[in-house]
1. Order the following by accessible area, largest value first: F298, F607. Probe radius 1.4 Å; ligands, DNA and RNA are ignored.
2. Which peptide among 704-714, 737-747 comes first, and what is the full order, when sorted by highest mean count of other Cβ atoms within 10 Å?
3. So what is the accessible area of the stretch 503-583 per residue, in Å², with the probe set to 1.4 Å?
4. Accessible area of S239, 1.4 Å probe, to the nearest 10 Å²?
5. Give the ranking of V5, V346 by solvent-accessible surface, highest area first, calculated with a 1.4 Å probe.
6. Using heavy-atom solvent-accessible surface (probe 1.4 Å) with all chains present, what is the largest-first order of D577, D349?
7. Can you give me the accessible area per residue for the stretch 291-424, using a 1.4 Å probe, in Å²?
8. Calculate what fraction, in whole %, of the accessible area of the stretch 509-593 sits on carbon and sulfur atoms when a 1.4 Å probe is rolled over the protein chains.
Amino acid sequence: MRHPVATSRIEGLLDSTRGLTAEQAKARQARYGRNDIIEAPPSAWFDVLRDTARDPMLWFLAATALLFALLGNFREAAVLGVASLPIMGMDAFLHRRTRATTRALSGRLASRARVIRDGAATDVPATELVPGDLVIVPEGWPAPADGIFVAGSNLQVDESALTGESLPVRKQPLAAPPARAAEALVDDRHWGSAGTRLLTGEGRLRVVHTGGETAYGQIIRSAQQGRHDRTPLQRAIGSLVAVLIVASASMCLVLAGVRYAQGHGAIDAFLSAVTLAVAALPEEFPVVLTFFLAVGVFRLGQRKALVRRAVAVENIGRVTCICSDKTGTLTEGRLRLAHVLPVGGVTPDCLARVAAAASRGESADPLDIALLEAGTAGACERIGTFPFTEDRRREVAVLRLPSGDLVAAAKGAPEVILAMTGLAGSERASWLAKTEALAAAGHKIIACAERSLVEWGGAEPDCGYAFLGLMAFEDPVRAGVADAVAEAQAAGIRVVMVTGDHRATAATIAAEIGIGAHPPVVVEGTDLERYLTDEGAAGLARLDVVARAYPPQKLDLVRALRRSGELVAVTGDGVNDVPALQGADVGIAMGERGTQTAREVASIVLFDDNFRTIVHAVAEGRQLFRNLRLSFAYLLMIHAPLVATAALIPLLGYPLLYLPVHIVWLELIIHPTALLVFQQTAVPGRLDAVGRDAAPGFFAWREWSIIAAVATVVTIVILWAYVRSLGALGDVEHARTMALVALIVASATITAGLTRMASAMAALVVALTVGSAVLLVQMPTVAALLHLKPLHADDWLVAVSSGVVTGMFAALLPARRRRASA
């Protein structure tokens, strides 16, 4: 990757060791501004209240609660008031999270910097840096701005915050200034970025970009402008609730007018309208959604996935594409010795011992750490070190053995170490061929050599070594990831690997775990824009791996996938991933190795950083959606007949079917059934095929037909039972009892049909529902208090028979759902 540089910012300074004067710094700050990489987000709570007031679901809950209070039903008003608290709390949480994100982002930045001003090194606040400043970056310090390394040796930088890759990146000073032009391109090996940390060496950085122009600053501004779209489920429920509210209000007004015109009086008209209003208000739908999302959050937590936004439980179940990091998610995120290839006569332990002797225990280099884990240097004294540099590509240690003998141990790039030995040309070519084969398989390879020293004058021994062999390291694939990828792809979910690693390594890992085609289609990040332009939608559909990816390219990929109709989940662990995490439909952060910034902006945080957990989360999300479908189908099948009969019977001139106490009884049946019965869990190892409809609805039209048919049958059964039982004598209490029992038995049989009695909770609720009807109806004293009458055996037979018929219709819905998923 190459970075554009406006040469006017560093003109005459790049090849100079001098810094700016105080006057020059002041003038440049007036021109370019302060180095404020972090911009504090607005803190006014008025903005939070304004955004909250835009949520129609909150207005519905508040209005419905007020109406219930005016009607005297304070219990329902209290329930809805409590249900609105999570919505308001979520807005407050998002506001707090934005500020917490900013604090977390600030934690990776330098607060002070050592800069050359007026010819002397001085410490200044990092915010006072300007383009053109010459900054001294000591070992272990973060870079305070973006710029070009102009001096330093043995520079290794931790760029994980910007690339997500755990291995250090070697840097080298820019030997010559870029060509004279308005804008020049500087290779990444000379570039330092704000938010990264210098692991080894001491470098001098000529500042080019400050503040919001740095890569880190651009990422932060993306984090502070996060997108929080309403999900299709929220929109569908909002539309459904709005339609039901309008229809209910209209029916209440019509019913009141008709009853009054029929001569039943104002009190009867008011009571009819009030009863219908209480029956018709669809408060169950938002309450059920909130409850089911909470259950989904709990279940995902059991699956080692912490949900930070409850609606992500819905989105994760609808995911059609997963863009996954390689390091730490698909792989273990650490170097492990994979292959030891010693020369003849040298043992693997001897090779590991020499490699450890050439490594430094205080080094932060992951390769040194892995070498020291693989072997021990033994009892020897290090008396000289010639560290690895980008130019030398080797490290040599001079050691004194317990016997007093001196030896030199060397490790480094195979071609460099081989040149320090006396191997013949054919042998050298053979070892280089082995090196290339291992590198093509995605390994990091070093060679080791050793020589004895008769005496040592302090210079680096650079020849006369005995070649000992090669050691190859890899970042191993996590256990079970290949199976999880196969399960996801079998269900129609695309898996795209996005990594900052090299093309060959990325392709090898992708092939090993079975991502995409064979071989997988790999595009480097710098070529992604051209690839998408040239290949179009067909090329995007074939893409399996993006290697050497940087944050803007990862975000471009996510946007392209979403434009193509994919619902995208993205994994991330560093500041570099913030734009993609927020640009995706579901952002998934790593809990073990992820930065606080990534965790704060993500919708879901994985406790174990494992790709398998993502697949498990998708399964739970899909099961949640199936459960919601069944619960809402039940509500519609029961709620629609309840409202229809509450309106039709008075409109036809008959006495009121439902009194307020009956509505309370029915709600005590409907609410627990909708909330508790439809809570099936996902079946491990079986992920249903994903739907890729352009505009997915909550129910397909065939399912709407089944729901409408069941609701119509139940309505007809209730009307028939009421009119038949009313008879010529006008026995209202008997007719009301018959209609209520028919509705309650229908509720029980619909529940049985939708659940197939697959859980103990379903059996319990069905039993309690029927039991409540028997208990309250057949006890004369209780029945009288409820304005009911005990039923005869033939009445029960009619009610149960009609309920069984409706239950058989209801059973068609889950049966069709299973056929559609097969």
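The values are calculated or read from the model by the stated rules, or taken from the named source; none is laboratory data. From a predicted model like this one, the values you see are computed outputs, not experimental measurements. Virtual Cβ from ideal backbone geometry, glycine too; neighbours counted across all protein chains shown. Quick note on the areas: whole protein, heavy atoms, side chains included, nothing else; ligands and nucleic acids left out. Shrake-Rupley method; radii C 1.70, N 1.55, O 1.52, S 1.80 Å.
1. Working: F298 130, F607 100 Å².
Ranking F298, F607 by accessible area, largest first, yields F298, F607.
2. Values: 704-714: 19.6, 737-747: 26.7.
Peptide ranking by packing, descending: 737-747, 704-714.
3. Details: 3100 Å² over 81 residues.
Accessible surface, normalised per residue, equals 38 Å².
4. Near enough 70 Å² of accessible area.
5. Working: V5 0, V346 30 Å².
Result of the area sort, largest leading: V346, V5.
6. On the way: D577 0, D349 120 Å².
Greatest to least solvent exposure: D349, D577.
7. Numbers: 5180 Å² over 134 residues.
That works out to 39 Å² per residue.
8. 48
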